Amino acid sequence: MPPYNIIIADDHVLFRQGLRRLIEEDPELRVVDEAGDGLELLEIVEKFTPDMVIIDINMPRLRGLEATKFIKELYAEVKILILTMNKTKEIVYQAMNCGANGYLLKEDANETLHTAIKTIRLGDSFISPLIFG
């Protein structure tokens with residue numbers, strides 16, 4: 001089975017590096033690139049057309065929800081997992097309406113990141129248990 005290609009988008013370099021290590025613990029997953037802002041993300045998605053983008057909501061130059069809309073309009077097959085600190089249910093609904101396939105809280109990511117990726121990869125949606133739990 002070919003690797004599942006992922007792009008990480010977050011404006012904090014240290015967070016991206018840690019997330020990359022966590023993702024690549026699974027040999028089926030491969031991080032092909034990283035972006036520090038939404039516009040850079042769009043360029044990278046055009047270059048690689050990944051299987052999934054893991055994106056923060058709050059980023060410079062183009063926020064995560066706007067980037068999600070653009071990606072889904074141009075590359076409907078690319079899965080989007082929002083990874084954020086924002087617990088607001090209204091934002092969760094906005095993210096899903098923008099085309100996100102999942103919504104994961106950073107505080108929950110260490111335990112549920114791989115589950116979220118696998119769930120979305122199989123075609124289902126994923127919302128952090130801490131949101132509605």
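The values are calculated or read from the model by the stated rules, or taken from the named source; none is laboratory data. From a predicted model like this one, the values you see are computed outputs, not experimental measurements. Backbone-built Cβ (ideal geometry, glycine too); neighbour counts: all protein chains shown. Note: areas computed on protein heavy atoms with side chains; ligands, DNA, RNA excluded. Shrake-Rupley method; radii C 1.70, N 1.55, O 1.52, S 1.80 Å.
Can you give the charge dipole size of the chain about its Cα centre, rounded to the nearest 20 debye, using +1 on the beta carbon of Lys and Arg and -1 on the beta carbon of Asp and Glu? Intermediate values should be presented prior to the final figure.
Details: 15 positive and 22 negative charges, 45 e Å.
Charge dipole, the chain, about its Cα centre: 220 debye, nearest 20.
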Item to complete: Could you state the orientation-averaged shadow area of the convex hull built on the Cα atoms of the chain, in nm² to one decimal?
Response: 7.1
Fill in: Linear extension gain, Glu28 paired with Lys69, 0.36 nm per residue minus alpha-carbon span
12.1 nm
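Restricting to bridges with both residues inside the chain, how much of the DSSP beta-bridge set is antiparallel, in percent to the nearest 5? Kindly include the intermediate steps, with their values, before the conclusion.
Values: 0 of 20 bridges.
Of all bridge pairs located within the chain, approximately 0 percent are antiparallel.
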Fill in: Accessible area expressed per residue, the range 17-60, with surrounding protein chains retained (probe 1.4 Å, Å²)
48
Practice prompt. Take each complete run of DSSP H in the chain, measure how far its Cα atoms stretch along the helix's own axis, and keep only those covering 30 Å or more with mean Kyte-Doolittle hydropathy at least 1.6; list them.
Written response: none
Fill in: Stretch gain in nm, segment Glu77-Glu111, where the contour uses 0.36 nm per residue and the Cα spacing is subtracted
9.6 nm
